[in-house]
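J.: The structure follows.
The values are calculated or read from the model by the stated rules, or taken from the named source; none is laboratory data. Here the structure is a predicted model, which means the values were calculated and not measured. A quick note on method: Cβ atoms are made from the backbone with ideal geometry, for glycine too, and the neighbour counts reach across all protein chains shown. These accessible areas exclude ligands, DNA and RNA; they are computed on the full protein's heavy atoms, side chains included. Shrake-Rupley method; radii C 1.70, N 1.55, O 1.52, S 1.80 Å.
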Amino acid sequence: MKVGGQPMRTLWPAPQRDALMVIDQRALPHALRIERLESAEAVEVAIREMWVRGAPLIGATAAYGIALQMNRDAGDASLDAAAKWLARARPTAVNLAWALRRMTEALRPVAVADRARVAWDLADAIAEADVETNAAIGRHGLALLQAIAQRKPGAPVQVLTHCNAGWLATVDWGTATAPIYQAQAAGIDVHVWVDETRPRNQGASLTAWELGQAGVAHTLIADNAGGHLMQRGEVDIVIVGCDRVSARGDVCNKIGTYLKALAAQDNGVPFYVAMPISTLDPALDDGAAIPIEERGAREVTHIAGVDAAGALVEVRLTPEGTAAANPAFDVTPARFITGLITERGLVNAEAGALRRLIEQAP
Ligand code: MRU
């Protein structure tokens, strides 16, 4: 991705391998703030408080958290303890546990004296693999957008997306946005309906920002507008990301995804989920068993933005003391999903197809 015309990733290790550089997404879209994380504890805070967010990016960030911990103390107890408390930083996205398991399993057999170097190499490899995975998801998703473009020459391909499953949610490319960026590069006229994604507004603040940086045509909509646009024939395809997919293909993603899937089904709009294989949880069959993060009421009762003077302010929307519930994710049953766009191609959201996908994975 390019920011202000310059190529950039969402995280990168400091050259001395003594820190991880990340974008503090809480400041976007109003400021591009780069933070230097110098310890595994700082990484844990950045994940828990959503400086970094999005399932693949959380995984890669946690891998570097282990590398930072190995700089300080590469012993077994230190490795296991850091993996344990990093895993608790956020409960829903399975990439976090996946990356920590990869790190701990690879590091345990390594001599303590070599662990820091191996940990940084492996974290780099996890980050690099994320970029390649998303580029491949983009290529497979591009075929879907090309087919739509051929059916409606002279008119834009209308994509609806929810939350931010973009460049900012990964190391590069994004998952749901990768096909969109590749369609743009292929000269396809593409327009994106961006759900604002209350309550944290990742669509309004992050997806709109990164599509704008990339020069992709987009229009922000209130979360409630998607069904209406589908009824009017103004959505050709829905592409969303995912935080955990169960063995039978139920998809856990940002709250509100399920309602979009219902509307898509009623209107015959194809509903696709961009899924890196690292987001598949073969240990869970029924999506209803996926732990759903409950976030603070303040995200619902208050809203942040910039005032006329450019100062970041937070205002209350509700009567004082209003109780608010804030489940951060929901589960869309597999029967509503047209297909999963993975790095290995399109896959049905169905147990047999997902089992074969895992068996083929290296
Ligand atoms: O709570 P967040 O912002 O970390 O939510 C995760 C997400 O970004 C979305 O659910 C996204 O669609 C999946 S991550 C590619």
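J.: Which angle from 0 to 90°, rounded to the nearest 10, does the C-alpha axis of helix 55-72 make with the longest principal axis of the chain?
T.: 10 degrees
J.: Can you tally the net charge around Glu299? Count Lys and Arg as +1, Asp and Glu as -1, for every other residue whose Cβ sits under 10 Å from the Cβ of Glu299.
T.: It works out to a net charge of +4.
J.: If the chain between Ala147 and Gln265 were fully stretched, how many nm would it gain, using 0.36 nm times the residue separation less the Cα-Cα distance?
T.: Stretched fully, the Ala147-Gln265 segment lengthens by 40.5 nm.
J.: Using the alpha-carbon atoms, what tilt in degrees (0 to 90, nearest 10) does helix 76-87 show relative to the longest principal axis of the chain?
T.: With rounding to tens, the tilt is 20 degrees.
J.: Sticking with this structure for a sec: In whole angstrom, note down how far apart the Cα centers of the stretch 123-198 and the stretch 243-275 are.
T.: 16 Å
J.: Per 0.36 nm of contour for each residue apart, how much would the distance between Thr318 and Arg33 grow if the chain were fully extended, relative to their Cα-Cα spacing?
T.: Details: separation 285, 0.36 × 285 = 102.60 nm, distance 3.00 nm.
Answer, rounded to one decimal: 99.6 nm.
J.: Separate question: For the chain, with every protein chain kept in place, what is the accessible area per residue (1.4 Å probe, Å²)?
T.: Per-residue accessible area for the chain comes out at 41 Å².
J.: With θ set to phi - 60° and the Karplus curve 6.51 cos²θ - 1.76 cosθ + 1.60, what are the ³J(HN,Hα) couplings of the stretch 176-192 in order, to the nearest whole Hz, using x for Gly and Pro?
T.: 3J(HN,Hα) across the stretch 176-192, in whole Hz: 5, 8, 4, x, 5, 5, 6, 5, 4, 5, 7, x, 7, 6, 10, 10, 10.
J.: Could you run the Karplus curve 6.51 cos²θ - 1.76 cosθ + 1.60 with θ = phi - 60° over the stretch 25-32 and give me ³J(HN,Hα) per residue in whole Hz, x for Gly and Pro?
T.: Per-residue couplings from phi come out as 5, 5, 8, 6, x, 7, 8, 9 Hz.
J.: Does the stretch 134-359 come out rounded, prolate or oblate by the C-alpha gyration tensor, with a ≥ b ≥ c the root eigenvalues, rounded set by a/c under 1.5 and, if not, prolate when a/b is larger than b/c and oblate if not? Intermediate results must be reported in sequence, preceding the final value.
T.: Working: a/c = 1.73, a/b = 1.20, b/c = 1.44.
Oblate is the answer for the stretch 134-359, as a/c is 1.5 or above yet b/c matches or exceeds a/b.
J.: Around Thr332, which amide H atoms from residues at least 5 apart in sequence, or from another chain, sit under 5 Å from its own amide H, with H modelled in the peptide plane?
T.: Hits under the 5 Å cutoff: Val251, Cys252, Asn253.
J.: For a Förster distance of 35 Å, can you work out the FRET efficiency between the beta-carbons of Ala14 and Arg88, rounded to the nearest 0.05? It would help to have the intermediate numbers written out before the result.
T.: Details: r = 26 Å, r/R0 = 0.73.
Given R0 = 35 Å and the Cβ-Cβ separation, E is 0.85.
J.: In addition: Can you tally the net charge around Arg33? Count Lys and Arg as +1, Asp and Glu as -1, for every other residue whose Cβ sits under 12 Å from the Cβ of Arg33.
T.: Once all neighbours under 12 Å are counted, the net charge is 0.
J.: Per DSSP H run of at least 4 residues, take -39500 (n - 2.57); add these up for the chain, divide by its residues and hand me the 222 nm value, nearest 500 deg cm²/dmol.
T.: Working: 11 runs with 136 residues, N = 362.
After summing the helix terms and dividing by residue count, I get -12000 deg cm²/dmol.
J.: Sticking with this one: Can you check what the net charge comes to around Arg9, using other residues whose Cβ is under 12 Å from the Cβ of Arg9 (Lys, Arg +1; Asp, Glu -1)?
T.: For residues surrounding Arg9, the net value is -3.
J.: Can you tell me which lysines have their Cα less than 20 Å from the Cα of Lys2? Leave out same-chain residues fewer than eight positions away.
T.: Qualifying lysines at Cα under 20 Å: none.
J.: Still on this structure, please answer the following. Which of Val306, Val190, Val112 moves most in a GNM of the chain, Cα contacts under 10 Å?
T.: Largest GNM mean-square fluctuation: Val306.
J.: Find how much the distance from Met21 to Ala325 grows on full extension, using 0.36 nm per residue of separation minus their present alpha carbon separation; answer in nm with one decimal.
T.: So the chain would gain 106.1 nm between Met21 and Ala325.
J.: Given points 7 Å out from each Cα along the Cα-Cβ axis, report the Arg139 to Ala283 separation in nanometres with one decimal.
T.: Between Arg139 and Ala283, the simple spin-label model gives 3.2 nm.
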